[in-house]
Amino acid sequence: MSAPGWGVHDDGGPPADPLALARAWLPDDADPDRPRVTLSTVGTDGYPDARTVLLSAFDDSGFAFHTSAASRKVAELAAVPRATLTVLWPDWTRQLVVRGDVVADSPERSAAAWGARSEYLRRLAWANTDELAALDLARRLEAWAAQQVPGQADSWVGYRVQPREMTFWAAHPEAPSRRVQYTRSPDGWTWRYRAG
Ligand SMILES: Cc1cc2nc3c(=O)[nH]c(=O)nc-3n(C[C@H](O)[C@H](O)[C@H](O)COP(=O)(O)O)c2cc1C
C-alpha cells in the first residue's frame with residue numbers, strides 16, 4: 001500500500017481532513033491489490049461479529065465493501081447499520097480504524113466493483129452457499145466446475161461506511177506507537193493524539 005504523506009510520528013500536526021490522510025495511506029481504487037480489511041458488525045445475538053473483506057473503493061462518501069446479499073453480515077447490518085473497518089498494513093507498522101454508519105452503495109458503484117473482481121471472486125459471490133459448503137469434496141468440485149459465471153449477481157450488494165471516527169496508528173522503531181484519532185462533529189473534524 002502507498003507510502004504515507006504525513007506520518008503519525010511527524011511534528012507539525014496532522015492534516016485537518018482525515019480523508020486526505022487516508023488517501024495518502026491507502027492505494028488508489030484502480031490498484032487491483034485491494035486492502036484486506038476486518039469488518040466488524042453487531043451480531044444479531046448482541047455479540048460483536050467480524051470477518052475479512054476487500055476494501056473495494058474509498059472516497060469522501062465513505063469506505064466501500066461488497067458481499068453476498070444472503071450473508072450474515074447483511075442481516076446484521078439490516079438490524080444495526082453501523083460497522084468498524086480495521087486496516088492492518090502488511091508490514092504491521094500501520095493500522096487504520098474507521099467507525100461509522102453504513103449505507104447501501106449505489107448500483108453504479110456496485111457494478112464497477114463487480115467489474116474489478118477476478119472471475120474466481122465473481123463465482124464465489126454467486127455460488128458460495130451453505131448448501132454447497134455442506135457437500136463432500138467431490139460433489140463440491142463438480143458443482144463448482146459446472147457453475148457458469150453470470151453477469152453481475154443480483155445477490156451481490158455493496159455498502160459504504162461513512163466515518164464518524166478515524167484512528168491512524170503507527171509503530172516507531174525507537175519510540176512508543178502513537179495514534180491520531182479524528183472525531184466528526186457538526187462543525188467538522190477534530191483530532192487528538194492517543195497512546196497505544
Ligand atoms: C482475504 C479475504 C478476503 C475476503 N473478501 C471478501 C469480500 O470482499 N466480500 C465478502 O463477502 N467476503 C469476503 N471474504 C470472506 C469473508 O471473510 C466471510 O467469510 C464471508 O463474507 C461470510 O461472512 P459472514 O457470514 O460474516 O457474512 C474474504 C475472506 C478473506 C480471507
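The values are calculated or read from the model by the stated rules, or taken from the named source; none is laboratory data. Here the structure is a predicted model, which means the values were calculated and not measured. Positions of Cβ are backbone-derived with ideal geometry, glycine not excepted, and every protein chain shown enters the neighbour counts. Calculation scope for accessible area: heavy atoms of the full protein, side chains included, ligands and nucleic acids excluded. Shrake-Rupley method; radii C 1.70, N 1.55, O 1.52, S 1.80 Å.
Counting only Cβ charges, +1 for Lys and Arg and -1 for Asp and Glu, the dipole size of the chain around its Cα centre is about 320 debye.
Here the accessible area of the chain is 53 percent carbon and sulfur, with a 1.4 angstrom probe and all protein chains present. Taking the Cα centre of the stretch 5-55 as origin and assigning +1 to Lys and Arg Cβ atoms and -1 to Asp and Glu Cβ atoms, the resulting dipole is close to 160 debye. With kT/(6 pi eta Rh) evaluated at 10 °C and eta = 1.306 mPa s, and Rh the Kirkwood radius from Cα pairs, the chain diffuses with a coefficient of 87 µm²/s according to Stokes-Einstein. Largest mean-square fluctuation among Glu76, Glu142, Glu108, in a Gaussian network model of the chain whose springs join Cα atoms under 10 Å apart, belongs to Glu142. Taking every DSSP helix (H) stretch of at least 4 residues in the chain, weighting each as -39,500 (n - 2.57) and dividing the sum by the residue count yields a mean residue ellipticity at 222 nm of -7000 deg cm²/dmol. Solvent-accessible area per residue in the chain equals 56 Å², computed with a 1.4 angstrom probe and all protein chains kept. Projecting the Cα positions of Ser110, Trp144, Leu132 onto the charge dipole of the stretch 79-193 (unit charges on Cβ atoms of Lys, Arg, Asp and Glu, taken about the Cα centre) puts Ser110 furthest along the positive direction. Working note: Debye formula, equal point scatterers on the alpha-carbon atoms of the stretch 16-130, no solvent; log10 I(q)/I(0) at q = 0.10, 0.14, 0.21 Å⁻¹ is -0.30, -0.61, -1.39.
The separation of the stretch 55-89 from the stretch 1-51, counted between C-alpha centres, amounts to 13 Å.
The residue list Ala78, Thr93, Val157 was ranked by how far each Cα lies along the charge dipole of the stretch 76-196 toward its positive end, using unit charges on Cβ atoms, and Thr93 comes out on top.
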